[in-house]
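Novice: What follows is a structure written as structure tokens; I'll ask about it next.
The values are calculated or read from the model by the stated rules, or taken from the named source; none is laboratory data. Note that this is a predicted model, so its numbers are computed, not measured. For neighbour counting, all protein chains shown are included, and Cβ atoms are generated from backbone atoms with ideal geometry for every residue, glycine included. Only protein heavy atoms, including side chains, enter the accessible area calculation; ligands, DNA and RNA are left aside. Shrake-Rupley method; radii C 1.70, N 1.55, O 1.52, S 1.80 Å.
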Amino acid sequence: MITLFCVRPRRFNIGNDAIFLGVRHLLRAAFDVPINIVQVPGAENDGHASLSGLLPKAIHQMNLYGHGVVVGGGNLYENGGLDVDVHALAALRLPLMLFSLSHGRIYNQRHELVPRTDAMPPPVVVALNQQAALSVARDDATFEYLHALGVTKSVMGGCPSLLLGQLPLPVPSGPEMSAGTLLSVRHPQLTSIPLRNEARMHGTVLRLVEMLESDGFGPVRILCHDTRDLMFASSLGDLEYIVPDDVYSYLALLRRARLVVSFRLHAFVPCLSFGTPAINISYDERSLSLVRTLGFESWDIDFVRSSDVVAEVRDRCCRLDAFANQRLDARPLWQQLETVMTSAMSSFAGLVNAYAGERPNS
């Protein structure tokens, strides 16, 4: 039996669970034998995690009991998402693959994109990629960043959540599953945007709801991805909000929706996969970059730089046929990205099988 360790974000955001479903799907397809996938949080969250990140204790147990390590997917090059001890990392003996990781900048007061203060230090990024047998960047900004650091082995593969439409997902039932329009939000204080932009998000959301309902897209419900979004959702008056309690309910909501307007990247990308009409509102480079990588740059809305977000959303609502056409046009690009992902998984499986064959009692 092959045992893989998957180091991934394990905090509040349900979008990370959607990404993991895609990673798991690709891993199981790459191996022709049963596999165990041991999930390890990328960072120590509460001080009591038995294993976390690529730290000495975790790497010791990976060496003892594992046959391969996958890091990703998600925003692990930033946001304090991955703890790495570079000295312990050098002792990792298993094949390591970095899969669909992202790095992006945020807006400053002048609306210029600048580095995050919580980004992984470049020497650690380089050390991580030097140790890895395979490195798959999620988007073009991450790919260019890695190459600027001299990491030439990296390839660009997109996000595995783009493949969710291929999976046989459970179909939950219940009144909260009814079709309608969803407005996927993020608590403004979690966006890392300048305060003057953060302050207008509440009013923008209320105006979006008013516009959507007046234009015949009601009723509109607020979709939370994170328990921390609950405070923001509850501040919006009498609007109904949904806090999905598992990833399958969350994905069912997106699949059944009439329309999704989203401040959350991992509501938009699954909608692309499902064919659910969706409008994305970006506020940082990691969103702008992935949407561009997936061929939807002209459909995206930049919250920080837009002079009227509500008008831009209304414009796209008036021409949802363009969304369908753009989705068809993007299919060849998505196929190329899927080929990169499956090829990386196949190469990883070959390395893992070779390592397992060399180990006693594997």
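Novice: Report in % the part of the accessible area of the chain that belongs to carbon and sulfur, leaving out ligands and nucleic acids; probe 1.4 Å. Before the final figure, lay out the partial values.
Specialist: On the way: 7610 of 14790 Å².
Heavy-atom surface of the chain belonging to carbon and sulfur, 1.4 Å probe: 51 percent.
Novice: So, taking all protein chains as they sit and a 1.4 Å probe, how much accessible area belongs to TYR241, in Å² rounded to tens?
Specialist: In the full protein context, TYR241 sits at about 90 Å².
Novice: With N set to the number of residues, divide the alpha-carbon radius of gyration of region 31-94 by 2.2 N^0.38 Å and report two decimals. Don't skip to the end; give the middle numbers.
Specialist: Values: Rg = 12.1 Å, N = 64, 2.2 N^0.38 = 10.7 Å.
That works out to 1.13 for region 31-94.
Novice: To continue, here is another question. Considering only the other residues whose Cβ falls under 14 Å of the Cβ of LEU55, what net charge follows from Lys and Arg at +1 and Asp and Glu at -1? If you can, show how the numbers build up before the last one.
Specialist: Numbers: positive: LYS57; negative: GLU44, ASP83, ASP85.
Here the charged neighbours net out to -2.
Novice: Once the chain is represented by equal point scatterers at the alpha-carbon sites, with solvent omitted, what log10 I(q)/I(0) does the Debye formula produce at q = 0.08, 0.10, 0.12 Å⁻¹?
Specialist: Debye curve over Cα of the chain, log10 I(q)/I(0) at q = 0.08, 0.10, 0.12 Å⁻¹: -0.39, -0.61, -0.88.
Novice: Tell me, what is the per residue accessible area of region 1-142 in Å², probe radius 1.4 Å?
Specialist: On the way: 5610 Å² over 142 residues.
That works out to 39 Å² per residue.
Novice: Also, I was wondering about something else. Can you tell me how region 116-173 classifies by the Cα gyration tensor, rounded, prolate or oblate, using a/c under 1.5 as the rounded cut? Can you show the working numbers first?
Specialist: Numbers: a/c = 2.74, a/b = 2.23, b/c = 1.23.
The shape class here is prolate.
Novice: Out of every Cα-Cα pair in region 259-358, what percent are more than 15 Å apart? All intermediate terms of the calculation are to be shown ahead of the outcome.
Specialist: Values: 3249 of 4950 pairs.
Above the 15 Å cut-off, region 259-358 has 66 percent of its Cα pairs.
Novice: How would you classify region 53-183 from its alpha-carbon gyration tensor, with a ≥ b ≥ c the square roots of the eigenvalues: rounded for a/c under 1.5, else prolate if a/b is greater than b/c, otherwise oblate? Spell out each step's value before the answer.
Specialist: On the way: a/c = 2.03, a/b = 1.27, b/c = 1.60.
In terms of gyration-tensor shape, oblate.
Novice: Note down the magnitude of the dipole of the chain about its Cα centre, charges +1 on Lys and Arg C-beta and -1 on Asp and Glu C-beta and zero elsewhere, to the nearest 20 debye.
Specialist: On the way: 31 positive and 35 negative charges, 97 e Å.
That gives the chain a dipole magnitude of about 460 debye.
Novice: At 1.4 Å probe radius, can you tell me the per residue accessible area of region 190-260 in Å²?
Specialist: Numbers: 3150 Å² over 71 residues.
Each residue of region 190-260 exposes 44 Å² on average to a 1.4 Å probe.
Novice: Solvent-accessible area per residue for region 294-346 at a 1.4 Å probe radius, Å²?
Specialist: On the way: 2610 Å² over 53 residues.
On a per-residue basis, 49 Å².
Novice: Using a/c under 1.5 as the rounded threshold, could you call region 235-305 rounded, prolate or oblate? The axes a ≥ b ≥ c are square roots of the C-alpha gyration tensor eigenvalues, and prolate needs a/b larger than b/c, oblate otherwise.
Specialist: Working: a/c = 2.03, a/b = 1.34, b/c = 1.51.
Verdict is oblate for region 235-305.
Novice: If you consider only alpha-carbon coordinates, what radius of gyration and Dmax does region 193-324 have, in Å?
Specialist: Looking at region 193-324, its Cα Rg and Dmax stand at 14.0, 37 Å.
Novice: While we're here: What does the charge count near LEU290 come to, summing +1 for each Lys or Arg and -1 for each Asp or Glu among other residues with Cβ under 11 Å from its Cβ?
Specialist: -3
Novice: Rg(Cα) of region 72-120 divided by 2.2 N^0.38 Å? Before the final figure, lay out the partial values.
Specialist: Details: Rg = 13.9 Å, N = 49, 2.2 N^0.38 = 9.7 Å.
That ratio works out to 1.44.
Novice: Whole number please: convex hull volume per residue, Cα atoms of region 292-337, in Å³.
Specialist: Values: hull volume 2.7 nm³, N = 46.
Once divided by residue count, the hull of region 292-337 is 59 Å³.
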